1. Got at least one residue in segment A:174-195 being assigned to a helix (DSSP H, G or I), surrounded by fewer than 10 Cβ atoms within 10 Å (Cβ to Cβ) and either touching a helix residue (DSSP H, G or I) at 6+ places or on another chain (Cβ under 9 Å) or more than 11 Å from chain B (Cβ to nearest Cβ) (or both)?
2. Do we find that B:Val107 is without any contact (Cβ under 8 Å) to a residue 60 or more places away in the chain, open to solvent by less than 20 Å² (accessible area, probe 1.4 Å), closer than 30 Å to B:Ala36 by Cα and not basic (Lys, Arg) in this structure?
3. Please go through segment A:109-150 and pick out each residue that is among the basic types (Lys, Arg) and more than 29 Å from the chain's Cα centre (by Cα).
4. Starting from residues that are within 11 Å of chain A (Cβ to nearest Cβ) and part of a helix (DSSP H, G or I), keep the ones in segment B:89-116 and report whichever is nearest to A:Lys220 (Cα to Cα).
5. Applying the selection to segment B:138-179, what residues are open to solvent by 30 Å² or more (accessible area, probe 1.4 Å), in a strand (DSSP E or B) and facing chain A (nearest Cβ under 8 Å)?
6. Go through (1) among the aliphatic types (A, V, I, L, M); (2) loosely packed, with under 12 Cβ neighbours inside 10 Å; (3) more than 9 Å from every other protein chain (Cβ to nearest Cβ) for B:Ile133 and report which single condition fails.
7. Please indicate, with yes or no, whether at least one residue in segment A:47-61 is over 21 Å from A:Tyr28 (Cα atoms), modelled with pLDDT under 85 and of a type outside the set (Asp, Glu).
8. Taking the residues in segment B:88-104 that are under 15 Å from the mean Cα position of the chain (by Cα) and among the charged types (D, E, K, R) as candidates, determine which candidate is least open to solvent (accessible area, probe 1.4 Å).
Amino acid sequence: MLNTMPELIQFTIILTVTFAAATVLLAYLYIQESQKRQKLERLSPNTALKDAQQKGQNLIHQALKKAQAIIGKAELEGIEVVAESKLSTKKFEEKYGKELEEEITKAAQAFAKYLDDLRTQGEQTQLLNQEYSKQKINEIFEKFEQNLADFLTQTEQKSVSAIDLELKATRQLIDTYKTQQLSLIDENIIAMLEKTLSLVLVNKISLKDEVDLVYEALEKAKAEKFIS
Amino acid sequence: MTDKLVDDILATTYIQIEALSRLRALKDLILVQLFASSAAAAPGVGGQVSREKVKMQEVVGSPAQHTAWLTSLGPDFYKNFTRENVYKIFEEMENAIKKIQPLVIYVPFEIPNDELTPVGEYLRKNYGKRFLIETKIDPGIIAGTALVWKGMMKDYSIRKKIADNRETILRTLKSFVKH
């Protein structure tokens, strides 16, 4: 079928060219004839003109006959070509149609088989990928859990040690403050005692007692060889 | 000669400030005797004693402060001074007295010089005839005394005793508080 298309086109072109040629020929002849007629009418108006007219008409008639014959021949040839092409197409279709169908069926079956194989392979690959992904995800989760546990343990240890240090420092501060306050209290006690004694002894101690104390100090200084 | 005069001056003077004060009074008296009066007579000679005594009082101010001491020096003492040597002698005596390093005695209240005389005698007996003392008031020592000798201090006061027995005192007081 596909091979008859160019033959049809070829036939159509031939037919068209033939019609065109015939038309051009007829037109040429008509023009010639009319020119002659005009000439004849100008040169001899009566019998010559009629003869010429007669001749011309005969020529036209002949040309028309010939043209019709050419057209008829062209039509016949065209019809022959069309019939031949139809016949050859039919033969070709008969000859190759079955083979084409068989080949198409084979190709379809092979393609279907290929698709099945592809689908099976794809399913297998998908299963493998799923398994692999699961395995990888499990590994990642395990690693993550391990790292998290380690991190939490470290953080806990660091926090505990930091808190211990803080507690230690705070206790030390408290102890230092307590010691300072106690020593301040002791200083105050001694200062109060000295103040009390200075207020009391001023009224109680006599001049003689004080001089006696001076003697006592001088004796001690002598014993210690403080004064030389 | 100056040494003997200094010894005479310091015989009954135990406090350095007092020694210098007496020296000044002596100087004033002698200068008056030497330069102000044409008939210079030693005090305590004949009928001029009372007149000289009055002069002394005029010179030294308070009638009793140094009069007795100046009189106690005796007439022979004053014979050592002339117009020519008086200034030199007094300068030497003053330097000699100032050169003596006194024992500084810190006391909580002022002790009259009379009360310190036995102390001075005691020290002279133990450390030499030119030993001098100086007293300073420090109420902070409460009672007792602190001695300073040649820049070194020895504290024998109640304050020092309290400081030395601080822990014992605190312990005792705190035990009372607990009970």
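1. Start the filter on segment A:174-195 by keeping residues that are assigned to a helix (DSSP H, G or I), which leaves A:174-195.
Imposing the further condition that a residue be surrounded by fewer than 10 Cβ atoms within 10 Å (Cβ to Cβ) reduces the set to none.
No: segment A:174-195 contains no residue that is assigned to a helix (DSSP H, G or I), surrounded by fewer than 10 Cβ atoms within 10 Å (Cβ to Cβ) and either touching a helix residue (DSSP H, G or I) at 6+ places or on another chain (Cβ under 9 Å) or more than 11 Å from chain B (Cβ to nearest Cβ) (or both).
2. No.
3. Taking segment A:109-150 as the starting set, the residues that turn out to be among the basic types (Lys, Arg) are A:113, A:119, A:134, A:136, A:143.
Within segment A:109-150, A:Lys113, A:Lys143 qualify.
4. B:Leu116
5. Passing the criteria: B:Met152, B:Lys154.
6. The one condition B:Ile133 does not meet is (2).
7. Yes, because at least one residue in segment A:47-61 is over 21 Å from A:Tyr28 (Cα atoms), modelled with pLDDT under 85 and of a type outside the set (Asp, Glu).
8. Looking at residues that are under 15 Å from the mean Cα position of the chain (by Cα) and among the charged types (D, E, K, R), I get B:Glu94.
The values are calculated or read from the model by the stated rules, or taken from the named source; none is laboratory data. In this text the structure is predicted, and so the values were computed from the model without any measurement. Ideal geometry is used to build each Cβ from the backbone, glycine not excepted, and the neighbour counts take in all protein chains shown. Note: accessible area is taken over every heavy atom of the protein model, side chains too, but ligands, DNA and RNA are not part of it. Shrake-Rupley method; radii C 1.70, N 1.55, O 1.52, S 1.80 Å.
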